[in-house]
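The values are calculated or read from the model by the stated rules, or taken from the named source; none is laboratory data. Treat the numbers as computed from the prediction; the structure is a model and nothing was measured. Neighbour counts run over all protein chains shown; Cβ positions are idealised from the backbone, glycine included.
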Amino acid sequence: MYKVLMIEDDAMIGDMVSMYLGEEGFTVMRKENGQDGAEAIYKFAPDIILLDLMLPDMDGLELCRRVRQTSGVPIMIVSMKNKVVERVNALGAGADDYMCKPFSMHEMSARVHALIRRSNTYQKKSDFPAVQSIAVMEVQPKAAVTKKDGDKSIMLNLHTRSMLVRGQIVETTYSEFEIMKCFVNNPGRVFSREDLLQTVRGFDSYVTDRAIDVHIANLRKKIEDNPKEPQRIRTVWGVGYKYM
């Protein structure tokens with residue numbers, strides 16, 4: 001049974017979502033403000049978070065950023081704000097999906113299932129040998145990979161869905177991890193935005209070309225020595241991106 005944490009101060013919407021998802025077998029906990037929601041994340045350990053942007057005590061985007069610093073749990077924004085810039089900002093803050101109110105309960109349920117299904121895909125690989133759950137791409141010659149200089153490789157652990165950069169764990173969203181996995185497994189290959197869209201798009205998930213650009217910008221901040229002059233994730237003008 002999957003657990004859903006809804007951080008939403010609108011009682012009507014909260015009750016409707018709780019009732020609908022409850023009938024589908026989810027265990028739903030609702031908190032009406034950001035502080036209570038933040039505390040519930042670690043006590044309740046949800047499989048997904050439904051987060052409103054306009055909370056009575058804090059900005060939902062700020063809460064999203066705080067959660068993403070320490071957790072990879074899928075986050076779906078549910079908000080009245082429907083401008084493209086709001087959706088882009090939410091994705092940039094670490095959200096995995098965005099729904100505008102009012103919304104179809106059926107569509108919301110489909111997106112929740114899609115995000116949880118995607119997040120659990122690699123957990124099922126625990127029966128495989130550990131060596132099969134790790135994809136490694138060295139971005140510097142082996143001679144440069146020394147303990148003194150620091151680890152110059154990027155390692156993706158498909159079981160824990162974690163990324164190691166220069167020997168340090170770096171948090172990623174699910175979409176960022178999927179994009180990075182494509183890059184690491186196919187160095188030098190040029191991926192169009194449509195290729196990457198198909199990689200991260202879940203069933204009925206809202207993902208756009210602009211969202212891909214945001215994910216790429218976020219990844220560059222996390223893996224590049226100088227994100228403004230990227231050496232690893234290169235732009236191929238008029239086509240897309242490639243990983244060196």
Legend entry - ARG30, sole failed condition from (1) in a strand (DSSP E or B); (2) under 24 Å from ARG161 (Cβ atoms): (2)
Legend entry - Matching option when the condition is in contact (Cβ under 8 Å) with a residue 60 or more places away in the chain and buried (at least 23 other Cβ atoms within 10 Å of the Cβ), among LEU21, LEU63, LEU50: LEU50
Inset, instruction - Evaluate segment 225-233: report whether one residue or more is assigned to a strand (DSSP E or B), in contact with a Leu (Cβ under 8 Å, 6 or more places away or on another chain), at pLDDT 85 or above and not assigned by TED's automatic domain parsing to the domain that holds HIS113. - result: yes
Legend entry - Residue in segment 146-183 that is modelled with the lowest pLDDT, counting only those that are surrounded by fewer than 19 Cβ atoms within 10 Å (Cβ to Cβ), hydrophobic (A, V, I, L, M, F, W, C) and not in a strand (DSSP E or B): LEU158
Legend entry - Test: GLY94 is part of a loop (DSSP other than H, G, I, E, B), crowded, with 19+ Cβ neighbours inside 10 Å and in contact with a helix residue (DSSP H, G or I) (Cβ under 8 Å, 6 or more places away or on another chain): yes
Legend entry - Conditions (1) at pLDDT below 90; (2) part of a helix (DSSP H, G or I); (3) small (Gly, Ala, Ser); (4) within 30 Å of LYS222 (Cα to Cα); number of the one not met by SER109: (4)
Inset, instruction - Please indicate, with yes or no, whether at least one residue in segment 78-86 is modelled with pLDDT of 90 or more, surrounded by fewer than 19 Cβ atoms within 10 Å (Cβ to Cβ) and closer than 25 Å to ASP213 by Cβ. - result: no
Legend entry - Checking VAL190 against (1) within 24 Å of ILE49 (Cα to Cα); (2) surrounded by fewer than 17 Cβ atoms within 10 Å (Cβ to Cβ); (3) hydrophobic (A, V, I, L, M, F, W, C), the condition it does not meet: (1)
Inset, instruction - Could you please find all residues in segment 217-238 being under 21 Å from GLN168 (Cβ atoms) and of a type in the set (S, T, N, Q)? - result: ASN218, ASN226, GLN231
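Please work out if ARG66 is basic (Lys, Arg) and in a strand (DSSP E or B).
no
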Legend entry - segment 35-47: number of residues that are touching a Lys or Arg at 6+ places or on another chain (Cβ under 9 Å) and either under 25 Å from ARG117 (Cβ atoms) or surrounded by 15 or more Cβ atoms within 10 Å (Cβ to Cβ) (or both): 7
Inset, instruction - Please work out which one of (1) more than 19 Å from ASN120 (Cβ to Cβ); (2) within 15 Å of the chain's Cα centre (by Cα); (3) not basic (Lys, Arg) is the condition ASP9 fails and give its number. - result: (2)
